[in-house]
Amino acid sequence: MDHQLENLGPDRFQQLAQALLISEFPDITTFPISQSDGGRDAIQSLEASDSKFAVFQVKFTYSPREIEDPSKWILEKAAGEAEKIKKLIDRVPADTS
């Protein structure tokens, strides 16, 4: 079955993505829709110390069929967020173990 996810719009698509993430990673932290999130839509600690974490970012387009190379498109979008992600990394305390 083909689902036209672009009909959800960006906010409802992000809510769907976050719901899927929560079902897979119950301890994940999601961030509010349509607010400044510092380059993250969800985050999950990978260790008890919180010095290692995974950042999840949701990307949406109204025209998915117009994207010739989806891999290239998402990599370009991620590159555009690199500075925000670097700021997140810089805020993490150094591992003292």
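The values are calculated or read from the model by the stated rules, or taken from the named source; none is laboratory data. In this text, all values refer to a predicted model and were calculated from it rather than measured experimentally. Virtual Cβ from ideal backbone geometry, glycine too; neighbours counted across all protein chains shown. To get the accessible areas, we keep the full protein, side chains included, count just its heavy atoms, and leave off ligands, DNA and RNA. Shrake-Rupley method; radii C 1.70, N 1.55, O 1.52, S 1.80 Å.
At a probe radius of 1.4 angstrom, the accessible area of the chain per residue rounds to 75 square angstrom. Dividing the summed helix terms, -39500 (n - 2.57) for each DSSP H run of n ≥ 4, by the number of residues in the chain produces a 222 nm estimate of -12000 deg cm²/dmol to the nearest 500. Which one is right for this structure if Cα Rg over 2.2 N^0.38 Å is calculated from it: (i) 1.05; (ii) 1.26; (iii) 1.22? Recomputing Cα Rg over 2.2 N^0.38 Å here gives the entry labelled (iii). Rounded to the nearest 10 degrees, what's the angle between the helix 82-91 long axis and the longest principal axis of the chain, both from Cα atoms, 0 to 90? Once rounded, one gets 20 degrees. Quick one: angle between helix 70-80 and the longest Cα principal axis of the chain, in degrees between 0 and 90, rounded to 10, please. Roughly 40 degrees, rounded to the nearest 10. The long axis of helix 9-24 is offset from the longest Cα principal axis of the chain by roughly 50 degrees. Protein heavy-atom surface of the chain, 1.4 angstrom probe: 53% of the accessible area is carbon and sulfur, with nucleic acids and ligands not counted.
By the rule of a C-alpha distance below 18 Å, with chain neighbours fewer than 8 residues away ignored, the lysines paired with Lys77 are Lys59, Lys86, Lys87.
Overall, region 13-90 carries a charge dipole of about 120 debye about its Cα centre when +1 sits on the Cβ of Lys and Arg and -1 on the Cβ of Asp and Glu, all other atoms neutral. If the chain linking Glu66 and Ile28 were pulled fully straight, counting 0.36 nm for each residue of separation and taking away their Cα-Cα distance, it would gain 10.5 nm.
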